[in-house]
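Any read-out appearing in this document is the output of simple, stated calculations on the displayed coordinates, not a laboratory observation. Since the structure is predicted, the reported quantities are computational estimates derived from the model, not experimental observations. Don't worry about glycine lacking a Cβ; one is built from the backbone with ideal geometry, like all the others, and counts go over all protein chains shown.
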Ligand SMILES: [Cu+2]
């Protein structure tokens with residue numbers, strides 16, 4: 001890496017902290033080369049990378065565990081636990097063979113450790129409180145010192161009071177580029193940590209005792225519409241690395257508009273003989289799945305968890321069945337007691353984003369944002385792959401310009417007649 005590339009990296013890291021707009025721009029900007037063979041830096045949408053200091057032949061990093069104020073989406077904030085000002089903490093990006101000294105300062109009200117999930121290292125550096133080290137007491141700084149011998153995608157998280165600390169947001173991703181690039185050159189490389197939270201509307205903190213009924217599902221701790229889109233070029237080869245440190249749920253991550261292959265897990269590289277096409281990749285709790293594809297169709301393609309309850313925001317759970325009920329009658333009777341009352345889910349839940357529903361303080365409605373054709377029904381663990389002819393000049397907030405006649409619309413009378421389709425026929 002030359003000096004100019006280093007400076008670009010620094011600028012990107014700086015802009016990532018500046019604002020969401022700057023961040024969206026960073027997503028669409030060509031990445032600097034950071035590893036041998038032209039391997040480019042990864043993008044952590046809505047996040048950033050840890051800054052390393054080179055001391056002798058060693059990379060020195062510093063993680064500070066602390067409580068912070070986090071916005072999941074406009075309208076919903078909570079106090080979470082994370083590292084260096086964010087949850088997930090900064091992505092650790094390295095090259096195979098890098099020796100590191102990682103200092104960990106504990107500013108939490110209770111002990112913690114850091115476990116380097118998937119990384120093979122000396123046992124005493126594995127970060128399991130009680131088993132391989134004593135826990136880091138509040139106020140202490142510990143030193144982890146080891147060499148990244150494997151390439152791959154890994155994670156970091158505490159191994160002390162796991163249930164509380166991970167539920168509150170302590171997690172991060174690790175990317176170790178191979179010493180020599182493997183496989184076809186990748187043009188874009190994205191890093192996403194999936195997670196689930198329970199935050200009662202109005203509550204100040206996530207509930208770490210939740211075991212079911214998680215009501216907030218996130219990529220890099222953002223719920224759609226706050227998830228930054230993944231901007232990519234037509235014909236480019238794209239890699240997406242998804243980690244999962246959710247307390248309880250696996251996430252089948254589904255991609256629209258592409259056919260992809262699983263290339264790596266946190267255990268290593270998938271042999272060529274074992275690769276096969278998929279559109280959905282199950283990312284189990286405590287796992288990383290890395291998949292790659294080449295884009296062939298321009299457009300705005302959804303990428304989301306396929307568990308339907310994982311593409312809803314708060315307020316989307318625990319309703320009685322309303323499909324087929326007469327909401328007017330219910331509304332009339334309840335309004336006598338509660339004047340502002342409106343029955344939710346008159347005909348399913350889909351239309352709810354269209355309504356201006358009063359929602360409790362510090363909560364977000366059950367679903368997503370606005371698209372070019374109206375409300376998008378999905379929220380939560382949802383983002384958009386924006387495949388563009390000129391990705392580096394594309395507005396990340398913009399939408400695909402569909403060529404005339406390529407959008408599904410009401411069937412013209414002439415087509416119905418010509419094809420002999422009668423909408424009123426008996427079924
Ligand atoms: Cu899910």
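Points worth noting:
- Sorted by Cβ neighbour density within 10 Å, fewest at the top, the residues 196, 328, 426, 140: 426, 328, 140, 196
- Taking every C-alpha pair closer than 8 Å and separated by at least 6 residues, the mean separation divided by the residue count of segment 3-305 gives a relative contact order of 16 percent.
- Our note on the geometry: Cα centres of segment 362-426 and segment 110-148, 48 Å apart.
- For the chain, the mean residue ellipticity at 222 nm estimated from helices alone is -3000 deg cm²/dmol, where every DSSP H run of n ≥ 4 contributes -39500 (n - 2.57) and the total is divided by all residues, rounded to the nearest 500.
- Sequence of 312, 303 once ranked by neighbouring C-beta atoms within 10 Å, starting from the fewest: 303, 312
- Comparing 53, 222, 79 in a Gaussian network model of the chain where C-alpha atoms under 10 Å apart are linked, the largest mean-square fluctuation is found at 53.
- Beta bridges by DSSP in the chain, antiparallel share as percent, to the nearest 5: 70 percent
- Debye equation applied to the C-alpha atoms of segment 162-265, log10 I(q)/I(0) at 0.10, 0.12, 0.19, 0.21 Å⁻¹: -0.36, -0.51, -1.04, -1.19
- Exposure proxy ranking for 388, 40, based on other Cβ atoms within 10 angstrom of each Cβ and starting from the fewest, stands as 40, 388.
- Over all projection directions, the Cα-based convex hull of segment 3-305 averages an area of 15.3 nm².
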